[in-house]
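The values are calculated or read from the model by the stated rules, or taken from the named source; none is laboratory data. Worth saying up front: this structure is predicted, and the values here are computed from it rather than measured. For neighbour counting, all protein chains shown are included, and Cβ atoms are generated from backbone atoms with ideal geometry for every residue, glycine included.
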Amino acid sequence: MKSRIFRLFFLFSVAMTAIILTAFKQGKQPWVVPDKFEKMNSPAKADANSVKEGKELWGKHCQSCHGKSGLGDGSKAAQLKTEPGDLTVAAFQKQSNGALFYKISEGRTDMPSFKKKVEGDEDIWNLINYIRTFKK
């Protein structure tokens, strides 16, 4: 009886360790951006109108996870498997516009793809222009 309980406990422990390690590994994978996107330039000027439209889209699609100011503290953030991250930090802000375009349009894990959720590429560029206003 004791050996059976020990075996069950051991198998449970191994399974839980595997689940935790897999979840940790998925959250820390680098997000590789194809070269064609890395070098892409935004066709949308970062003017007041673009930023305003980006802010409206942010409130509708992004704020619930990323928070009002991009700090990763949205109302749904705690429910995610991967942390939304702080979009105000220099490491995030130094990414190219094309890299952000790729990540927003394609998504991965908890981050959904927005290429079909918004009207078109211009909306994604407007979002990027708004995200560029986030500062620490």
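For Lys117, the test of being touching a Cys at 6+ places or on another chain (Cβ under 6 Å), surrounded by fewer than 18 Cβ atoms within 10 Å (Cβ to Cβ), touching a residue at least 12 places away in the same chain (Cβ under 8 Å) and on the phi < 0 side of the Ramachandran plot is failed.
Among residues of the stretch 39-56 that are over 16 Å from Ile104 (Cβ atoms) and of a type outside the set (Val, Ile, Thr), none has a beta-carbon under 7 Å from a residue that is part of a helix (DSSP H, G or I) and modelled with pLDDT under 95 at least six positions away or on a different chain. Reported count of residues in the stretch 72-95, each being without any contact (Cβ under 8 Å) to a residue 40 or more places away in the chain and of a type in the set (Ser, Thr, Tyr), is 1. Among residues of the stretch 45-86 being in a helix (DSSP H, G or I), buried (at least 17 other Cβ atoms within 10 Å of the Cβ) and small (Gly, Ala, Ser), the one that is nearest to the chain's Cα centre (by Cα) is Ala77. Annotation for the stretch 97-106: no member residue is out of contact with any Lys or Arg (no Cβ under 6 Å at 6 or more places or on another chain) and not in a helix (DSSP H, G or I). Within the stretch 70-94, being touching a helix residue (DSSP H, G or I) at 6+ places or on another chain (Cβ under 6 Å) and basic (Lys, Arg) holds for one residue alone: Lys76. For the stretch 98-107, check the following and say yes or no: at least one residue is within 20 Å of Lys45 (Cβ to Cβ), without any contact (Cβ under 8 Å) to a residue 40 or more places away in the chain and buried (at least 19 other Cβ atoms within 10 Å of the Cβ). Yes, the stretch 98-107 contains a residue that is within 20 Å of Lys45 (Cβ to Cβ), without any contact (Cβ under 8 Å) to a residue 40 or more places away in the chain and buried (at least 19 other Cβ atoms within 10 Å of the Cβ).
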